[in-house]
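The structure appears right after this line, and notes come after that.
Coordinate-derived values only; no laboratory data. Being a predicted model, the structure only gives us computed values, none of them experimental. For neighbour counting, all protein chains shown are included, and Cβ atoms are generated from backbone atoms with ideal geometry for every residue, glycine included.
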Amino acid sequence: MERLEIKKISGRKYYYYSKWAWVDGKCRRVWQKYLGTLENIAKAVEGGPAPLFAEIFQWGLPIALWKESGLAEIVKETDKLCPKRKQGLSVGEYVNIAAINRAMCPNSKRSMWEWFSQTALIRNFSNATKTTLTSQRFWDHMDKIKGNTALSIWKNILKKVVERETIDLSSVSYDGTNFYTFIDTFNTRCDIAKRGKNKQGRNSLRQVSYALFCTENNHIPLYYDIYDGNRHDARQFPVMLEKFHAFLNDLLGKNNPPPQTTLVFDKGNNSIDNFALLDSLELNFVGSVKLGEHKELMQVKNNDVSFEQCDMVELEGTKAFRVEKKVYGKTRTLVVTYNQNLFNSQWLTLQNDINKATDKLSLLQQKLEDRANGLIKGGKAPTSGSVEKQCKTILKRQHLTQIITVSVDERIGGIPRLEYAIDADAIHELSNTHLGKNIIITSRKEWDKQKIIKAYRSQYIIEGIFKEMKDRNTGSWWPMHHWTDSKIRVHGLYCTIALLIRALMFRRVEKAGLRLSMKRILKELDAIREVINIYKKKRGQKEERKQAVLSKASDAQQQLMSVLQLKQEENSVLG
């Protein structure tokens, strides 16, 4: 029962809205709300007083990621292995804040408070202040995660996630990448960062290598490791295989049978020792081999009757045939594929490479003619050796040495003469045998060729994750302002946790039937803001009155809030 009550205090009437109910056989007031005088009620009906000002906070994305990190027990599992006295933020809370930041908009530790104070996370971490979120405090707590503790934390987190979410481990992709750094050449406190072949073309900089296993479904990161930047992929692969195999057994426990996991990897990891290790560990796999290693298969014409058209929608434009062949010490199943889209892409790339090479050769040829005719006199005179070296550089792209023939002759006067020609027959042969082809190798003899092809193509998933990690706007790795091994390993931990909580969020959205990309989800959630209206203090009140309201949500935002169960706290007050 609800009532409007009037109380007379010091000769003035004040109104209250109250709720009454039977409690222990008696009618009692269980709730009441002060409405004020009649004048106050009239003002409220007319719209009430205008707020003094408003504070705007990021709400949708940080709260969604915070909920996922809470379900994954990031703080609990970190603090379990890295305890500290109850003062300020715990080690787990520092890792959690860093992971959420990396999943949203990566900042340096120096600007962490500036970002954090503009998000609704400020109410979820009551001990977080401008002092506790300085770069020095972050580094102090990162130093508490020593040695292999970072990987132990990750294993404990993932074990709970796999159990709770029933993660599908039937297909797992593996790959490695590297991230360049600006660590000084003479920094002796860092052994991981070393110069090597950098995938962004920054070979002059020291780099850190990163390897990752992830699920095909929903792109859940499973196991990662950070290793020396100059270590070759094929040398690191057996190390990662053994660690992943042990990780899987530990994840499932001794009493549970190992899952029928199929590992998908690229040809950069191939070697006879690595395949022998796969056999000894009884790990099923789908990979690929170089065309040049199996010339009899490469020479099969693209229009040969051996090729059969694939009828799966996902494999439109693909045809294939399978053979059994002894490869890497054992008879294995090979599937030779031809894909029209791949052919078109490779053909355009080849034509572009030919055009660029002939332009450069033509320019070099003209310079030699000008020098022979006395039009160019200065500088060091070219020799046959120097011209051949330049030609080798010009023709360094794949297939060009087969297609473009070059001859360098020394004429009278010592100035070399350059002649070049394009071999049309070589182009025809290449387009009819090599372009558009792949050779897939697998231990899954019981699978049909279409299932094998589809499994191999899932490799794009992990390549997409690396591309996402290196994105300057929505990535998770850069900036990395650390220059010691221990801090780089902790950096790898919270960057991988960022991948995990984003993947778990994406998984919920996908399971709900919403067909949105990761970037779209992040963009829509990031646009949801919380507006706090600050009103003038009433007489007798110690603090200003605050009213929280969310920005107007689009249809997509409303669906995401419903799926991710995001609700604004009632009467929320920010500190």
- Extent of the stretch 455-575 along each principal axis, from alpha carbon coordinates, in Å, largest to smallest? 68, 43, 19
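Enumerate by residue number the GluC sites (Glu not before Pro) in the stretch 251-327 meeting two conditions: DSSP loop (anything except H, G, I, E, B), and at most 16 other Cβ atoms within 10 Å of the site's Cβ.
Those that pass, being in a loop and sparsely packed, are 282, 316.
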- Once you sort the root eigenvalues of the Cα gyration tensor of the stretch 1-48 as a ≥ b ≥ c, which label holds: rounded (a/c under 1.5), prolate (a/b larger than b/c) or oblate (the other case)? oblate
- Cβ-Cβ FRET estimate between residue 18 and residue 471, R0 fixed at 51 Å, reported to 0.05: 0.35
- Task: Write out the chymotrypsin sites (Phe, Trp or Tyr not before Pro) in the stretch 88-193 meeting two conditions: DSSP loop, and at most 16 other Cβ atoms within 10 Å of their Cβ.
- Result: 182, 186
- Cross-link reach from residue 76 to aspartates and glutamates, straight Cα distance under 17 Å and at least 8 residues apart if same chain, gives 68, 93, 163
- Message: So, R0 is 41 Å and r is the distance between the beta-carbons of residue 111 and residue 165; what FRET efficiency does that work out to, to 0.05?
- Response: 0.80
- Pairs beyond 27 Å (Cα-Cα), from 67/519; 194/389; 243/519: 194/389; 243/519
- Rounded tilt (10° steps) of 485-511 against the dominant C-alpha axis of the chain: 70 degrees
- Which values of log₁₀ I(q)/I(0), to two decimal places, follow from the Debye formula for the chain at q = 0.08, 0.09, 0.10, 0.12 Å⁻¹ with a uniform point scatterer at every Cα? -0.75, -0.89, -1.02, -1.25
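When you count, for each residue, the other Cβ atoms within 10 Å and take the mean per peptide, how do 376-386, 505-515, 412-422 rank with the highest first?
Top of the packing list down: 505-515, 412-422, 376-386.
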- Message: Taking 32 Å as the cut-off for C-alpha to C-alpha distance, list the pairs among 330/511; 109/160; 542/567; 326/360; 326/392; 155/449 that go past it.
- Response: 330/511; 326/360; 326/392; 155/449
